[in-house]
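J.: Quick one: the structure is below, and I'll ask about it shortly.
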Amino acid sequence: MILCVFFCIFLRVFDKENLRFLLYFSCEIIVILYTDARICIDSIGETGENEMKKLSVLLLALAVTFGSAGCTRKTLSDIVNENNGGTENNTTTDSDNGYHEYEVGDSVETMFFNFTVEDFLSSTDISGNKPDAGKQFVAVKLKVENTFGQDIQMFSTDFLLEWDKTSADDKGVDGPHSYYDKDAIFNEEFEKEYTLTSGESKEGVLVFEIPEGVTDVSLTAQDIYNDKQGNQHKGDVYIVHIDLSAQ
């Protein structure tokens, strides 16, 4: 009884990531103890045989306890599916990202939300607002719908605009002006941070500032999330191609 209580407490406080190692280790111990007990049984007699049966039951309980603990370790997909209410999805791991390409007007389904690029505009002057020298504004109208099953926090940087770099000095999407982080130009511009409740849809505009003359751009989003151990994972990438010359 004391040993059972000890192992119950031990399993609660021990890091479950190491339980697989404990399973293998405990199996080795079980084999050794069982072998030694069988050797001793011949010299103990009937009393020893009864004790042997008790030991066998205890060792079996130990094996089942550690075995079940090892078998219940959750995979990344299990964790994501639990967080997503058990819904199957196209989740991938850090080393095996999926890339999905779309055009303007297509409905894009990510792990957490759906979105559609409904319209776009590029200009060096919007209602008297001008970008920095050598830059142009790109405004993208989006519809976003929360399909995750619970509230999610959204940020302006959830969507990035990418393009082929125009020069060695062009930092591309990593530059400081890939997102127009200044006063809003449009009334319907998305906030820098907002909550999208479960099932809620929201339309708005994102404004980017990119090198003047660029016409082929892509609005991108990526599944990024933390598992229950606090580890960050990057999943699928969603790419919507936009030809600014077609506006």
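The values are calculated or read from the model by the stated rules, or taken from the named source; none is laboratory data. No experiment lies behind these values; they were computed from the predicted model shown. FYI the Cβ positions are ideal-geometry reconstructions off the backbone, even for glycines, and counts take in every protein chain you see.
J.: Across the range 161-182, what is the total count of residues that are assigned to a loop (DSSP other than H, G, I, E, B), among the charged types (D, E, K, R) and at pLDDT below 85?
T.: 6
J.: Considering the range 131-148 alone, what residues qualify as being more than 19 Å from Thr215 (Cα to Cα) and not in a strand (DSSP E or B)?
T.: Thr147, Phe148
J.: Follow-up. Criterion first (modelled with pLDDT of 95 or more, exposed (fewer than 13 other Cβ atoms within 10 Å of the Cβ) and either under 23 Å from the mean Cα position of the chain (by Cα) or of a type in the set (Gly, Ala, Ser) (or both)) does Gly128 satisfy it? So that I can check it myself, show each step before the final result.
T.: On the way: modelled with pLDDT of 95 or more: no; exposed (fewer than 13 other Cβ atoms within 10 Å of the Cβ): yes; either under 23 Å from the mean Cα position of the chain (by Cα) or of a type in the set (Gly, Ala, Ser) (or both): yes.
So Gly128 fails the test.
J.: Being of a type in the set (Asp, Glu) and loosely packed, with under 12 Cβ neighbours inside 10 Å narrows it down to one of Glu188, Glu203, so name that one.
T.: Residue meeting the stated conditions: Glu188.
J.: Within the range 112-157, work out how many residues are basic (Lys, Arg) and out of contact with any strand residue (DSSP E or B) (no Cβ under 6 Å at 6 or more places or on another chain).
T.: Residues of the range 112-157 that are basic (Lys, Arg), as a first pass: 130, 135, 141, 143.
Among the residues that remain, those that are also out of contact with any strand residue (DSSP E or B) (no Cβ under 6 Å at 6 or more places or on another chain) are: 130.
Here the count works out to 1.
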